[in-house]
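The values are calculated or read from the model by the stated rules, or taken from the named source; none is laboratory data. Keep in mind that what you see is a predicted model, and the values were worked out from it rather than measured. Counting neighbours? That spans all protein chains shown, and the Cβs are built from the backbone with ideal geometry, glycine included.
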Amino acid sequence: MGDIVVLAVKGLLGGVLVVVFSLLSEALRPKSFAGLFGAAPSIALGALTVTAVTRSPAVAREQSLAMIVGAAAMILYCAAAIPSVDRLGALRGSFVAIGVWFAVALVGYFVLLAP
């Protein structure tokens, strides 16, 4: 499959999944919870589906593990950002939280993804 076709399929599948997730989020209460079903999950599912079809399930597995590591790093970033920004201010607290994200992502990479 050509690169342009793969890109077009990813875009189309991602768009369809965005609409599906948007419809799902409309049904959820409270509305602030609906933001969890924004573009990122649908684009990730579209990319994984296209990768599994065009490349191999092993590559899709590696991508999904990377997404899980990134999500874990983001959760810990958010958990670190709240107290660090309160204690250190916005700039220094954000740098501390980014350091937490980087450390978690780096450890996750070496534990799960490194060759």
Legend entry - Considering residues of the range 38-67 that are free of Cβ contacts under 8 Å to residues at least 12 places away in the same chain, over 17 Å from Asp3 (Cβ atoms) and not small (Gly, Ala, Ser) only, the residue surrounded by the most Cβ atoms within 10 Å (Cβ to Cβ): Arg61
Inset, instruction - Find the helices (runs of 4 or more DSSP H) located wholly in the range 1-86 whose residues include 2 or more that are acidic (Asp, Glu) and modelled with pLDDT under 80, and list them. - result: 3-27
